[in-house]
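The values are calculated or read from the model by the stated rules, or taken from the named source; none is laboratory data. Here the structure is a predicted model, which means the values were calculated and not measured. Note: ideal-geometry Cβ built from the backbone for every residue, glycine included; neighbour counts use all protein chains shown.
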Amino acid sequence: MRRGILLLLIAFTGAAFMLSLAIGAVSIPLDEVLRVLLGGQASKDTWQTIVLTFRLPKAITALLAGAALSAAGLQMQTLFRNPLADPFVLGISSGASLGVALVVLGGAAVSASVFGRTAFLGELGLVGAASLGAAAVFALVLAIARRVQSVITLLVLGLMVGYLASAVVSVLIYFSLPEQVSAYINWTFGSFGGVTWQQMRAFAPALLVGLGTALLTVKPLNALLLGENYARSMGVNVRVVRWWVTASASLLAGAVTAFCGPIGFIGIAVPHLCRALFATSDHRVLMPASLLLGGGLALIFDLISQMPGTRAALPLNVVTSAVGAPVVLWIVMRRQSFGRI
Amino acid sequence: MVNRWEQAGYALGQMRRASEHSEPAERSPDATAAIYARDLTTGYRQGTRVRVVHRGLGLALPRGKLTALLGPNGAGKSTLMRTLSGLQPALAGAVWVDGVPLRTLSPQAIARKLAVVLTDRVDVGYMTAYALAALGRHPYTRWDGWLTPEDEQIVQEAMHAAGCAGLAARMVAELSDGERQRVMIARALAQQTPIIFLDEPTAFLDLPRRIEMMHLLADLAHRTGRALLLSTHDLELALRFADGLWLMGGDGTFVTGTPMELLQRGELLRVFSGEGREVRRYLQDLHQRWQAKDLSADWLKAETQGSHDKHPVSQIGG
């Protein structure tokens, strides 16, 4: 039964991937998409370009980002033994938004002279600023994770970093021009479409390293379900495990936020959906399931945000919340034990 | 891979620790004891501040026996158990676990020698009793925690021994306190350690479940040859079911012996004298009944030993 659900998830994610290559402002037949993917030539040159240049990097980004946020969310929920924990509890996205705010709002003039020679470099400036901000918090969290006795200290740290960052961002917004503010708000909406093939060379390896490390933490995470004392009695070096879990989750959350903006909902909801689907807290099942469902859902959310058939497009974060929250509510109503770790 | 990192981190710690302790690793003076400690000082060290709880303890935990650790609150029962299980460093002295010096053992190695049942509430959403018991195999499984058929069999046997085989498919969240305690004991058994520590295993149970639990533990110690050490406030049940008592006074005293010996010598009365008039009166009564031969040796021994054969307590409340 478990295997059946897992196979269904694989099929779901695969289908979502193909659909997101086929559907858009221009619809491309699935067999043509498949032909392009297998290295062949589509019957129209424009289709070839659309799939390879625009839709493929976007679909890969969505797949990886969704998987990354779900894995990080799962890790954080178990580490903090808190069903409301998400990939951003450690303040990673706050750091990234601060970086972006500083570039977009504060140093717009400075960054224009440094990065803004071409549109491409400007774009790199945004990603670079977000990466730097996320990396700064990442380094802070890891330095502290090694020392603290209690995991609650980490949680408080993340919370305070978030408040500090949002205070600075508010000040910047207050003194900014409307168009600068709207550029910043635009970034906070999130998007999978900003990652070029060039950037993929940094994005994909970062996420694959993070995901690989996350997979290696499933066994100690299972022991941590019983609490730190029991985990210790079973030979788990809690401090070391905490550091690696924090490191991989922060890397995943940081990289996604840097390249796609702060994308909500997926990281907190997908682990819960998987627990409900498989009726287990076993990370050996939950981790691969979260990767698949997270990647698939991210692709679907991205599809919906483009509103196929219309000329308009919705911000990604609007879709993740507007579609995701009712789904979770529905499951909460149906399952009493939903929300447990 | 995490395991290897853990070991690497541990090796570093060992090198640091080895430089602190210059004494060589000796063989245990008493290899028959599951745990042997000499001149053990327990307590807490925070920075330069040191708080000693007990000084110069000498003790031996026998194999195949149920030993009860008794004492008023704050006497240092948990501190001693944490120290003996390597969760907290000893301030001084030496501990041998299963004949090996405790300080030479990695956390992983300790996990193969000593399992614990704690009072910590286990609150997992979607976990069957079987999956919980199977976590006891943690020190033996590979990087992803996959269970071999052999592991599965050990878990099943452990659940059977703890009397919870019928609960295997139930969700942990739906179990009663007594049922959950049995599953936690099965988890400790599945860890296949020669020693099991239990921190107040009867704390949340009603009387019939408490009697069942003590009976189960004595039985497990005798049948499997494991050394069981439990801390408890259940004085009377400990007197009846434990093979040996470790008495810890609030004043830092520590005496060991069989329940008979300690009752006879009036040690119980002394240790709990600070616990109020009613307790004193109860123990005085027990002591006097013993002296008046009203409380014969049979009161303590015959019932527990008889019960191992006939299992009368398991009939109480089913």
Quickly run through the range B:118-130 and pick out the residues that are touching a residue at least 40 places away in the same chain (Cβ under 8 Å) and at the interface with chain A (Cβ under 9 Å from one of its Cβ atoms).
B:118, B:122, B:123, B:124, B:125, B:126, B:127, B:128
Could you give every pair whose Cβ atoms fall below 6 Å, whose first residue belongs to the range B:225-252 and is in a strand (DSSP E or B), and whose second residue is polar (S, T, N, Q) and crowded, with 22+ Cβ neighbours inside 10 Å, counting only separations of at least 6 or pairs across chains?
B:229/B:67; B:244/B:67
For the range A:179-235, which helices (runs of 4 or more DSSP H) that fit wholly inside it have 2 or more residues that are over 24 Å from residue A:280 (Cα atoms) and free of Cβ contacts under 8 Å to residues at least 60 places away in the same chain?
A:197-216
Determine which member of the set B:175, B:167 is surrounded by 15 or more Cβ atoms within 10 Å (Cβ to Cβ), more than 19 Å from the chain's Cα centre (by Cα), within 14 Å of chain A (Cβ to nearest Cβ) and among the aliphatic types (A, V, I, L, M).
B:175
Residue that is at pLDDT below 95, more than 15 Å from residue A:91 (Cβ to Cβ) and hydroxyl-bearing (Ser, Thr, Tyr), where the choices are A:246, A:280, A:257
A:280
Give just the number: which of (1) of a type outside the set (Phe, Trp, Tyr); (2) crowded, with 18+ Cβ neighbours inside 10 Å; (3) outside any strand (DSSP E or B) does residue B:270 not satisfy?
(2)
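Filtering the range A:125-161 down to residues that are under 15 Å from residue A:80 (Cβ atoms) and not hydrophobic (A, V, I, L, M, F, W, C), which residue is surrounded by the fewest Cβ atoms within 10 Å (Cβ to Cβ)? Steps first, please.
Of all residues in the range A:125-161, those under 15 Å from residue A:80 (Cβ atoms) come to A:141, A:144-145, A:148-159.
Narrowing further to those that are not hydrophobic (A, V, I, L, M, F, W, C): A:149-150, A:153, A:158.
Working: A:149: 7, A:150: 9, A:153: 13, A:158: 25.
Only one residue fits best here, namely A:149.
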Would you check if there is a residue in the range A:161-175 being more than 12 Å from residue A:98 (Cα to Cα), more than 14 Å from every other protein chain (Cβ to nearest Cβ) and at pLDDT below 90?
yes
Here is a list: A:58, A:44. Which entry is at pLDDT 90 or above and either basic (Lys, Arg) or surrounded by 24 or more Cβ atoms within 10 Å (Cβ to Cβ) (or both)?
A:58
Being among the aliphatic types (A, V, I, L, M), modelled with pLDDT under 80 and either within 16 Å of residue B:75 (Cα to Cα) or touching a Lys or Arg at 6+ places or on another chain (Cβ under 7 Å) (or both) is the filter here, so list the residues in the range B:270-297 that pass it.
B:295
Set B:115, B:133: member being within 14 Å of another protein chain (Cβ to nearest Cβ) and in a helix (DSSP H, G or I):
B:133
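Suppose the filter is within 27 Å of residue B:215 (Cα to Cα) and more than 8 Å from every other protein chain (Cβ to nearest Cβ); does residue B:158 pass it?
yes
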Quickly run through the range B:85-105 and pick out the residues that are facing chain A (nearest Cβ under 8 Å) and either surrounded by fewer than 20 Cβ atoms within 10 Å (Cβ to Cβ) or without any contact (Cβ under 8 Å) to a residue 60 or more places away in the chain (or both).
B:87
Residue A:201 being more than 10 Å from chain B (Cβ to nearest Cβ), under 23 Å from residue A:150 (Cβ atoms), out of contact with any Phe, Trp or Tyr (no Cβ under 9 Å at 6 or more places or on another chain) and not small (Gly, Ala, Ser):
no
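For the range A:252-341, give me every one of the helices (runs of 4 or more DSSP H) that falls completely inside it and has 3 or more residues that are within 23 Å of residue A:222 (Cβ to Cβ), in contact (Cβ under 8 Å) with a residue 12 or more places away in the chain and away from every other protein chain (no Cβ under 14 Å).
Where helices (runs of 4 or more DSSP H) fall fully within the range A:252-341 and carry at least 3 residues being within 23 Å of residue A:222 (Cβ to Cβ), in contact (Cβ under 8 Å) with a residue 12 or more places away in the chain and away from every other protein chain (no Cβ under 14 Å), they are A:266-278, A:283-305.
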Given the condition touching a Pro at 6+ places or on another chain (Cβ under 8 Å) and of a type in the set (A, V, I, L, M, F, W, C), answer yes or no: does some residue in the range A:296-314 qualify?
no
Within the range B:136-154, how many residues are assigned to a helix (DSSP H, G or I) and within 14 Å of chain A (Cβ to nearest Cβ)?
6
Residues of the range B:18-55 being on the phi > 0 side of the Ramachandran plot and modelled with pLDDT under 90, which ones?
B:47
Just a yes or no: is a residue in the range A:40-50 in a helix (DSSP H, G or I), touching a Phe, Trp or Tyr at 6+ places or on another chain (Cβ under 8 Å) and of a type in the set (Asp, Glu)?
no
